[in-house]
Every structure is written in C-alpha cells, then in structure tokens.
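The values are calculated or read from the model by the stated rules, or taken from the named source; none is laboratory data. Because the structure is predicted, anything quoted here is derived from the model rather than measured. Cβ atoms come from the backbone with ideal geometry, glycine included; neighbour counts cover every protein chain shown. When the accessible area is computed, the model is the full protein with side chains, heavy atoms only, and any ligands, DNA or RNA have been set aside. Shrake-Rupley method; radii C 1.70, N 1.55, O 1.52, S 1.80 Å.
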Amino acid sequence: MPLPLVTRKSIRDNQEHLDSAVELIKTVSGADWTFEIDFETIFSKLGDGCDYVKNDAGNFFYKEVAMSIANCVERACKQEMTKEALVEANSQSKVIIRVNEDKKNTNYWKYMFEAGSLVVIFRAPPCNVSDLTYFDLASIIPSPGALSLKARLNLKNNQEAIQESLEQIKVATKVDWSYDEESLETCYTTIDSNKDSIGEIFKEIINYVATNITKRCADEMVLEAFNEVTTNARIILRHNPKQSNYWQWIFENQNLVISFKSICNVSDNCYFDFEKLL
C-alpha cells in the first residue's frame, strides 16, 4: 500500500536533512553511510498514538532521528580508536531504523550492531529522540581481544601515567622496565566490577609498585639483589582468588609478578616488604 500523500511530501521536503546527516557522518568517519528506513513496515507496527510520526515522517526520521544519529557518530569519532572500531563494526556502512518488538526492552531507543550494520530500534510511540545524540557508542562497539573498546580507551588514556611509573622504576634500578600486556588482558576477564576502568586500576597499581621499588632500592644491597632476580625487568599481573593476602609479590622466572586476590587495598603494594623474598 503506497504511503499517504502527506507522508510522501514530508519525506521529500526533509530530504536535505537526511543528506546533511549522511554528509556529516562521511566528514567525521571518512565512510559513505546510507540510511535504511522501511516506512511501510515501520508504520504497520507503530500502533495508536503515532499519527505525528506518520503525518510528518520526514521531519521525524530525517531531521530529528537521522541528524541525532549523525551527531552521536560525530561525538564518537573524536576518539581515533573509536572511529576506527566504529567503521570496522559497521562494515556495511548502513544505519537501519526499525521498531523495537522486544517487549522486555523498555528503552525508548537502542543502538546495536547486526550483520555489519548499525541498527537503531525504538519503542512506539517514540519520544526522547535526544537520547540518540548522547548515547555512548563506544560501549557497544565490538573490539578484538579480551578488552572491550571502553577498556582499551581507558588503558590508552592512562598510558602516559603508566609509562611515568615505569620510568620511575628505571631511575631507581638503572634498567628499562615494561609490563606484560597479555597478563593485563587475562586479569581484565577476572575483574567483577569497573572492568572498563582497567587503565585507571593498573595506573594506580603500578604507581604504588614504583614507589615501593624506589624507596627500597635506594639501598644498594637491596638494589643489587632485586636486579639479580628481575633480569627480564617485566611486571606481570596475576589474579589468584585463593591467596590469603589481597596483594602478593612473587619473583618468578626473572619477572616481578604482582598477584592479587581482588581489586581492593591497592595501596598495599606501596608497603609490601619484598626484601624478605630476596
């Protein structure tokens, strides 16, 4: 059944807004996206109380919805890592808009990725279109490896502070130190809460570790013994829920292993007496 004249006119008269949304997305992401809006199918599922959508579909879907989605994409693309992940996740370069038929989902709007497209679903009758603009796209963009995209961003944002702590250890030991990224990813999977703050968590841990090493290795005898058992100059993070203390230092295979029971009492690393292990 063809769309009513008033609907078709609204779609025609608001085409410029859809074009502007597409152009904005191309500008910020470098990708040519298209919008897929099956008006007939959408209208058949809207139910009562949605005449304002049907009668002015162009204004609603092109000017309000499409532009809000474009603004959301623009915000996400300000982070280069998020932009790259978004373009990769939306490999079909398509935004599909449809009615939410899952009664359990009470959100007015929801973003999700499906078969290489960005799908936007809404609850009828639709409202709160501004939710689309301020949604955190990074929270749902797929990410390779164990870390979520949010966790990767958090780790990146804290990398400078982490490197400063490693530099502090270098000054104290006269050796270049690093940390084992694979062990960090493994531990990420074991954290129950605040997983996506892994960068902040590790920044705090390694800061306390650096402070402790700096303080104790000021003694030349301790420094010599410490360097002898850490020739790899590498920090490995390990989760051990069965250990008695919240934090334990272990010298293993010429590495320094920082083992934790749970992410609690992180400052214990500042005072752990590793001299007893040398």
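The condition of being among the basic types (Lys, Arg) and farther than 19 Å from THR173 by Cβ does not hold for ARG234. For first residues located in the range 49-62 and among the β-branched types (Val, Ile, Thr), partners that are surrounded by 22 or more Cβ atoms within 10 Å (Cβ to Cβ) and lie 6+ apart or on another chain with Cβ distances below 7 Å do not occur. None of LYS63, LYS78, LYS54 is at pLDDT 95 or above, open to solvent by 10 Å² or more (accessible area, probe 1.4 Å), assigned to a helix (DSSP H, G or I) and of a type outside the set (Asp, Glu) except LYS63. The residue pairs whose first member lies in the range 127-156 and is under 17 Å from ILE198 (Cα atoms), whose second member is part of a loop (DSSP other than H, G, I, E, B) and open to solvent by 60 Å² or more (accessible area, probe 1.4 Å), and whose beta carbons are closer than 6 Å, counting only pairs six or more residues apart or on different chains, are ALA146/THR189. A count restricted to the range 169-187 and to residues that are open to solvent by 20 Å² or more (accessible area, probe 1.4 Å), over 27 Å from GLU220 (Cβ atoms) and in a helix (DSSP H, G or I) stands at 4. Summed over the range 1-17, residues that are surrounded by 14 or more Cβ atoms within 10 Å (Cβ to Cβ) and either part of a helix (DSSP H, G or I) or among the charged types (D, E, K, R) (or both) total 7. The residue pairs whose first member lies in the range 8-29 and is modelled with pLDDT of 95 or more, whose second member is open to solvent by 80 Å² or more (accessible area, probe 1.4 Å), and whose beta carbons are closer than 7 Å, counting only pairs six or more residues apart or on different chains, are ASN14/LYS63; HIS17/LYS63; LYS26/ASP32. Taking the conditions (1) under 19 Å from the mean Cα position of the chain (by Cα); (2) at pLDDT 95 or above in turn, ASN194 satisfies each one other than (2).
You will find that of LEU166, LEU153, LEU147, the residue that is buried (at least 20 other Cβ atoms within 10 Å of the Cβ) and either touching a helix residue (DSSP H, G or I) at 6+ places or on another chain (Cβ under 8 Å) or among the small types (Gly, Ala, Ser) (or both) is LEU147 and no other. Hey, any hits in the range 208-229 for a residue that's among the hydroxyl-bearing types (Ser, Thr, Tyr), surrounded by fewer than 19 Cβ atoms within 10 Å (Cβ to Cβ), under 30 Å from the mean Cα position of the chain (by Cα) and farther than 30 Å from GLU84 by Cβ? Within the range 208-229 (the criterion being among the hydroxyl-bearing types (Ser, Thr, Tyr), surrounded by fewer than 19 Cβ atoms within 10 Å (Cβ to Cβ), under 30 Å from the mean Cα position of the chain (by Cα) and farther than 30 Å from GLU84 by Cβ), the answer is yes, since at least one residue qualifies. Of the candidates ARG216, ARG234, the single residue that is touching a residue at least 12 places away in the same chain (Cβ under 8 Å), basic (Lys, Arg) and touching a Ser or Thr at 6+ places or on another chain (Cβ under 6 Å) is ARG234.
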